[in-house]
Amino acid sequence: MTQAKYRVGERVRVMKAYPPGHLRTPFYIRGQAGTVERICGAFPNPEELAQMRDGLPPQPLYRVRFLQKDVWPDYQGSAADVVEIEIFQHWLEKA
Amino acid sequence: MKGQGKDRGQTPIFGHSHHDMGGQPAGRVELAEHEHGDWERRVDAMCVLLWGLKGGTRRISVDEHRKNIEALPPQAYDTMTYYEKWTVSLAQCLVQRGLITTEELARKMVEVEKRDAG
């Protein structure tokens, strides 16, 4: 299993990349910075599984919390509103 | 990465996949329930068995299934029903895994069309 690189509370940024294939990182969150809310465990990489390979070793999966006002420039709601997304480690870098 | 063809530099080769719609402007979501037909139940059952979710050997992964659905052309993606998408993807997965051949699928499709017409 690949070791978890990030800790709860740590700031991370989502890679801003647009490769083809089955991706589990939504378009709108790429390039955004957030905070690790929890480590969900480690799972076979779905991007590899989608290409008919085994996806091993399992990749750490994080739930990352982003502020809505950071994600959407014209956000009208509370400044405290968040969106949480589960993102695999290989999509993240230290912010 | 930008294309080198006509309009070069304007159109990303890889960019925003059509299915990845989160955050895009959209109309109202029309919620509608319907009774599933037998064919829909069959497609569901075949997929669950092939994914190995109820025991047995996993022949295809859910992720392959999703990849094939996401690869549908935008117009097909927007107009096909849920299990129509599953059906196309299931056929793709089975051929990609070598569990059936395109020829076998083609012959069966012709056979079924004839049966239903007769």
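The values are calculated or read from the model by the stated rules, or taken from the named source; none is laboratory data. Here the structure is a predicted model, which means the values were calculated and not measured. Note that we place each Cβ from the backbone using ideal geometry, even for glycine, and neighbour counts take in every protein chain shown.
A few comments on the model shown:
- Test: A:Val83 is in a strand (DSSP E or B), at pLDDT 95 or above and more than 14 Å from chain B (Cβ to nearest Cβ): no
- Selection within segment A:26-43 - under 23 Å from A:Met1 (Cβ atoms) and in contact with a Ser or Thr (Cβ under 9 Å, 6 or more places away or on another chain): A:Ala42
This table checks each residue for (1) within 11 Å of chain B (Cβ to nearest Cβ); (2) among the hydroxyl-bearing types (Ser, Thr, Tyr); (3) free of Cβ contacts under 8 Å to residues at least 60 places away in the same chain.
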{"residue": "A:Ala4", "(1), (2), (3)": "no, no, no"}
{"residue": "A:Gly21", "(1), (2), (3)": "yes, no, yes"}
{"residue": "A:Arg24", "(1), (2), (3)": "yes, no, no"}
{"residue": "A:Tyr28", "(1), (2), (3)": "yes, yes, yes"}
{"residue": "A:Ala42", "(1), (2), (3)": "no, no, yes"}
{"residue": "A:Gly55", "(1), (2), (3)": "yes, no, yes"}
{"residue": "A:Pro60", "(1), (2), (3)": "no, no, yes"}
{"residue": "A:Ala79", "(1), (2), (3)": "no, no, yes"}
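- Among the residues making up segment B:51-103, those that are surrounded by 15 or more Cβ atoms within 10 Å (Cβ to Cβ), away from chain A (no Cβ under 13 Å) and under 24 Å from A:Pro20 (Cβ atoms) are B:Tyr77, B:Met80, B:Glu84, B:Lys85, B:Trp86, B:Thr87, B:Val88, B:Leu90, B:Ala91.
- One residue from A:Val8, A:Val12 being in contact (Cβ under 8 Å) with a residue 40 or more places away in the chain and either surrounded by fewer than 16 Cβ atoms within 10 Å (Cβ to Cβ) or not in a loop (DSSP other than H, G, I, E, B) (or both): A:Val12
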